[in-house]
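The values are calculated or read from the model by the stated rules, or taken from the named source; none is laboratory data. From a predicted model like this one, the values you see are computed outputs, not experimental measurements. Here the Cβ positions follow ideal geometry from the backbone for every residue, glycine too, while neighbour counts run over all protein chains shown. Protein only, heavy atoms only, side chains kept; ligands, DNA and RNA dropped before computing areas. Shrake-Rupley method; radii C 1.70, N 1.55, O 1.52, S 1.80 Å.
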Amino acid sequence: VQDAASGRDPASGGEEGSRRRWKEEICRILGEIQAPLSPLLLRLCHWLLPKLLTRLFLGVQLHRGQLEMVLRAARTVRSAAGARPAPGAPGVHPGIPCLQPEVPLVFLCSHQSPVDGLLLSFVLLSQGVGVPRVAVGTRTSPRLRSLLQRLGGIFLPSGMAQRWNDRDEGLPGAVLDAYVQEVLRSRQPLVLFLEEPPAALRLAEPARRWLLRVLRALRDGAVPDVLLVPVGIAYDTAP
């Protein structure tokens, strides 16, 4: 982030004013990406979602053997009090039980319906995996975006979903790199949707940008390893 900021010339007077402007700009970009999780909203949604799902579906089938395989492969253990990440780490909030894997989990999902994110988040939370950070598409209203951020939704900074050259991402790209590295270091589940409905069998541009951040985190040594978990969600009739 410092390297990206030093390469630009903010319209400010003096070094102190320049630092203040960069800090404000970085905070603005970070606010576009995420917001602090709300334990109250998470508990409310955890209570409401089963009622919503029973109205939308006759049943939801989960392959428990595959879930147990994922947890075993990640060597997931319940965090002891002395092994918890810092309270300010992404996704760590008092009163919300979660499991801390030894390597970060990145779920790579097909995408058939807007319900996919809610459904997968509910399954992961109810199974004790934790509150995931879910990459959400850009076509959301400001109010819905704010709500989803409080529930774990993350977004590309404005403009980055466009087809830019990777080298032209500048400060927004640097802030996004640092954010994804922190999420992976804290071993919080990360959910990436590879497609954007109605397109199928084609990697979406936002997904490519998120995957690039994960690859850079591995290349730069921010995390020693990442467990990639392919996820398929199928519906008899997509809602």
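Yes/no matrix, rows are residues, columns are (1) touching a Lys or Arg at 6+ places or on another chain (Cβ under 7 Å); (2) surrounded by 11 or more Cβ atoms within 10 Å (Cβ to Cβ); (3) modelled with pLDDT of 85 or more:
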position	(1), (2), (3)
A5	no, yes, no
D9	no, no, no
K23	no, yes, yes
A81	no, no, no
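Determine the pairs where a residue that is assigned to a helix (DSSP H, G or I), located within the stretch 32-44, has a partner that is open to solvent by 50 Å² or more (accessible area, probe 1.4 Å) with Cβ atoms under 8 Å apart, the partner being 6 or more residues away or on another chain.
Pairs that qualify, where the first residue is assigned to a helix (DSSP H, G or I) and the partner is open to solvent by 50 Å² or more (accessible area, probe 1.4 Å), are E32/S158; P39/P94; P39/G95; L41/L147; L41/R150.
Which condition does P206 not pass, out of (1) at pLDDT below 90; (2) under 20 Å from S110 (Cβ atoms); (3) part of a loop (DSSP other than H, G, I, E, B), if it passes all the others?
Result: P206 fails condition (3) only.
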